[in-house]
Amino acid sequence: MYEFAFHRAADLDAAASLLANADDGRVIAGGQTLVAAMKLRLSAPSDLVDISGIASLAGIRVERGAVVIGAMTTHAAVAASADVIRAIPALADLAGTIGDRMVRNRGTIGGSVANNDPAADYPAAVLALGATVITTQRSITADDFFTGMYETALEPGEIITAVSFPIPRRAGYAKFPNPASRYALAGVFVADFETGVRIGITGGGGGVFRDAAFEEALTRNFSPAAIEGLSVYVESLSGDLHASAEYRAHLVGVMAKRAVTAALADR
Amino acid sequence: MAVPLSLNINGEVRAVDVEPRTLLVDFLRDALGLTGTHIGCDTAQCGACTVLLDGHAVKSCNVLAVQAAGAEVTTIEGVTPADGSLHPMQAAFRDHHGLQCGFCTPGMVMSAIDLVRNNPTPNREEIREALDGNLCRCTGYHNIVTAIEAGARTMQR
Ligand code: FES
Ligand code: FES
């Protein structure tokens, strides 16, 4: 790992000015992706700004039909939260499948969403639930937030403070994990709202995406049968040593049906 | 450039200067001589380096020492009672042949303690699930699962 200067921010204003004064500063939350990337010298920031001590980034609350989760909330805390389990059980389930036990004790929702790994779990839920990403500067809808592989609408120095998830009628998540990394080879989150069904697909392509054919079919008839035989364009997926694009496309169809089945069992 | 760091290790406050890029596991092993925490990989996958950070199991090779400033860290050395006997989970690993070479064992024991604190009566499936982040090259896991089942029972007494 290359050398860097380490700062612990007492509040968000301090974090912003530490970042502004750094050559190439990065925010560190739980560090479960960033520390690993720095060890491999894939990432070499000049400064790290640790936001873990900022009290306003902690906690989960339910308000006006939404679950609002502070950016520093760990995956383990979301998985175990009675509020999340009651309001959006699929979201708690999803958090409980990220990485492994130790990663979940340390990794945070803000870090995962900001990193936007194309095979990460949270982006599928953020997109399918039409969540709002709240930052130090503004609120960004999920449809505008994820802009490509590891790319988001975040500006330099902008920090995620919370993610607000609208509570659906029912929702489900299913993923086929890579057996070694537990990242999704294909993961599908479905959310059924009064206004229609939204679907978030992760693991397959250049970043999380929706699919109109699945959404329309499920809005008409929320059942696994309604999407029997549906798949995503193979061209929109990527193949690598873990799975071919064709195999991933097949998995998306299978996971979508499982996610709907999970949602139906939920309520 | 080294910076001052103070944290509580196994109930004792330690203040040492460290470089920010020092991993918690290297700090424990090299600066404090706590070599019970092992390094089995370079990629945060094997779990041999598992310690409790403020009571939660984490991979100390994937945490910077400076991130643990002010925190409480418990290593395998810290779970052993002062009289030199074994923690019930350690004893269960010995009694049930939950180890062969023993390299993965400190991490296994720390993960198991974290599991049982959150779920006092885990079944075998839950134990296997909880060991997702701990790799063992020797045992095939069967006896580890049995040891944790037994250790969980003794921890309740
Ligand atoms: S040494 Fe930490 S996970 Fe392998
Ligand atoms: S006992 Fe040898 S690695 Fe587990």
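The values are calculated or read from the model by the stated rules, or taken from the named source; none is laboratory data. These figures come from a predicted structure and were not determined experimentally. Neighbour counts are summed over all protein chains in view; Cβ atoms, including those assigned to glycine, are modelled from backbone coordinates with ideal geometry. Only protein heavy atoms, including side chains, enter the accessible area calculation; ligands, DNA and RNA are left aside. Shrake-Rupley method; radii C 1.70, N 1.55, O 1.52, S 1.80 Å.
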| task | At a probe radius of 1.4 Å, figure out the A/B buried accessible area, summed over both chains, and give it in Å² to the nearest 100. | result | 2300 Å²
| What are the residues whose amide H is under 5 Å from the amide H of A:Asp50, where those residues sit 5 or more places off or on another chain and H is modelled from the backbone? | A:His7, A:Arg8, A:Ala9, A:Ile28
| Considering only protein heavy atoms and a 1.4 Å probe, what is the carbon-and-sulfur percentage of the accessible area of region A:57-266? | 53 percent
| message | More than 25 angstrom separation, counting every C-alpha pair in chain A; what % is that? | response | 42 percent
| query | How big is the charge dipole of region A:57-266 about its Cα centre, in debye rounded to the nearest 20, if each Lys and Arg gets +1 on its Cβ and each Asp and Glu gets -1 on its Cβ? | reply | 620 debye
| Taking only protein heavy atoms and a 1.4 Å probe, what accessible area per residue, in Å², does chain B have with all protein chains in place? | 45 Å²
| Per residue solvent-accessible surface (Å²) - region A:17-78, probe of 1.4 Å | 43 Å²
| request: Evaluate E = 1/(1 + (r/R0)^6) for A:His242 and A:Met149, where r is the Cβ-Cβ distance and R0 equals 22 Å; express this FRET efficiency to the nearest 0.05. | output: 0.90
| message | With just the Cα atoms defining each centre, how far is region A:200-236 from region A:149-166? Give it in Å. | response | 25 Å
| message | Counting heavy atoms of the protein chains only and a 1.4 Å probe, report the per residue accessible area for region A:158-218 as a whole number of Å². | response | 30 Å²
| said: Give the average, rounded to an integer, of partner chain Cβ atoms located within 10 angstrom of each Cβ in B:15-24. | reply: 3
| query | Which residues of region B:44-72 end up with at least 30 Å² less accessible area in the presence of all protein chains than when their chain stands alone, using a 1.4 Å probe? | reply | B:Ala57, B:Val58, B:Lys59, B:Asn62, B:Leu64, B:Val66, B:Gln67
| task | Would you jot down the residues in region A:89-128 that end up with at least 20 Å² less accessible area in the complete protein assembly than in the chain alone, with a 1.4 Å probe? | result | A:Asp100, A:Arg101, A:Met102, A:Asn105, A:Arg106
| query | Relative to the Cα centre, what is the charge dipole magnitude of the protein assembly as shown, using +1 at the beta carbon of each Lys and Arg, -1 at the beta carbon of each Asp and Glu, and rounding to the nearest 20 debye? | reply | 1080 debye
| Mean-position separation - Cα centroids, region A:237-260 and region B:80-157, in angstrom | 36 Å
| request: Would you mind telling me the share, in percent, of accessible area of chain B contributed by carbon and sulfur at probe 1.4 angstrom? | output: 48 percent
| said: Explain nothing, just the number: relative contact order of region B:3-79, from Cα pairs under 8 Å at least 6 residues apart, as a whole percent. | reply: 39 percent
